[in-house]
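Right, one structure below, let's go through it.
Computed from the coordinates by the stated procedures, all read-outs in this text should not be read as laboratory data. Computed from a prediction, not measured in an experiment: that's the story for all the values here. A quick note on method: Cβ atoms are made from the backbone with ideal geometry, for glycine too, and the neighbour counts reach across all protein chains shown.
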Amino acid sequence: MGGVVVDALGESCPVPVIMLARAVAGVAVGTEVVVVSDDPGAALDIPVWCRMKNQTYLGEEPAPAGRRYRVRRAT
Amino acid sequence: MPRVYLDHASAAPWHPAALAATLHVATELPGDPARAHAEGRAARDLLEAARAAVAGALGAGAAGVAFTSGGTEAVHLAVRGVAASRPGRIVSSAVEHTAVHAAADATGAEHVLVGVDRLGRVDLDALAATLRGGAALVNLQHANHEVGTLQPVAEAAALCREAGALLHVDACQTAGRMPVDLAALGADLVSVSGAKFGAGRGIGALAWSPARASARCSPATSARGAAGRAWSTSPASPRWPRRCSRWAPGWRRRRRAATACAGACAAGWPRSPDVEVHGPDGVAAPHIVAASALYVEGQALLAELDRTGFAVHSGSSCATTSGEPSHVLVAMGALTHGHVRASLGPGVGEPEVDAFAAAVTAAVTTLRTRAGVAAG
């Protein structure tokens, strides 16, 4: 299943989380959405968003710019 | 509706009795309490009456109270005073006020932070494990300043006793609102702030347990050595006694009222979709209600509420724009954006609480609409 990548570089909180919510709403259950963000707040708030919205947080990893935050749509 | 002030946890309006006592000192008691003349004796008499009143209110010995310029100085006096007389590690919960962390860091001693659960309560197992490695002092707040969570102080005190560590309880958010008693808390030192509960600006106190009034934990001893006698003979301090004696009988009634208001206030939050209310039900300080709303920026929410007539505090600062997000929210694993803290006080009743709940809902909706996001 093809994933979706959201480029949130340069955006500060809460915009990366807003972009994530929009992207997840637009994909099928089971699809992975990756947010690329250089906002330190994303590291804190993306896992919390997943908990609040019952989505699956798969973790983060380094990216050429910022970090990649991996989420799978669960519901 | 006139503006609604909901930031009593930052600074509360002066209680009329505190104002009257301060005016009395300013106009009737010109003497330095350290002097032997009649004017000095009159000031000293009131100072010592104030000390006895505060000692009585906090369960300290008559000699176990030092007046300070406020909560921050009381905290520093406690932490630095103990560190100066007892070598060893300092242990603090991760959600202590910044003043506590700063004071501990300033001592140069090893400073160990202990984590908290989702509700902001210190992890007692982690505290016990940390204490097995030895500690001179543990810092644990009575109630958290950003989310209102009451800490398991008695349980922590038992662990401290077992480990031979002193326990300093920062009671800046609870003094004047709930019983704060050294013995009941099991604390060796308690720091309080007058500004938070109407005793006036520029006044605080550090109280220590009569059982621990020996040299090994007498912070005033080292403070006197470092800074002269100003710690305990501040001429500003006589403003306190009347407030203590007059407020004490009424606190239960006020606490019931505040708890009811806080409950109503919290009940209003979920009307905004995707809002997380912080802190536990029933074991939170009665005056603090806090929540975080998804998709809105905390400072923008504060500004929107300010524009519509409500003064609140936000612990959210975007790390990219105005510094670090609240270390309290980070430690709890809570949403760090969209945080708002409402803290209640005299003059905040049901109409104000209802209006605030409606205003928060409207403000969150406005900001989400502006950002082009619908919650749900």
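Here are the numbers for this structure:
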{"item": "Computed FRET value (nearest 0.05) for B:Ala358 with B:Arg3, which takes r as the C-beta separation and R₀ as 22 Å", "result": "0.90"}
{"item": "Protection proxy ranking, peptides B:164-177, B:300-313, A:12-25, average beta carbon neighbours within 10 Å, highest first", "result": "B:164-177, A:12-25, B:300-313"}
{"item": "Histogram of C-alpha separations across the stretch A:4-72, 10 Å bin width, %", "result": "24, 62, 14"}
{"item": "Cα-based shape type of the stretch B:58-164, given that a ≥ b ≥ c are square roots of the gyration tensor eigenvalues and the cut on a/c is 1.5", "result": "rounded"}
{"item": "Cβ-derived FRET efficiency at R0 41 Å, B:Ala264 paired with B:Arg132, nearest 0.05", "result": "0.40"}
{"item": "Mean shadow area of the stretch B:1-127 over all directions, Cα convex hull, nm²", "result": "12.4 nm²"}
{"item": "Antiparallel DSSP beta bridges within chain A, percent to nearest 5", "result": "75 percent"}
{"item": "Neighbour-count ranking [beta-carbon atoms within 10 angstrom, fewest first] of A:Tyr69, B:Tyr5, B:Tyr295, A:Tyr57", "result": "A:Tyr57, B:Tyr5, B:Tyr295, A:Tyr69"}
{"item": "Computed magnitude of the charge dipole of the stretch A:26-75 (debye, nearest 20; Cβ of K, R +1, Cβ of D, E -1)", "result": "240 debye"}
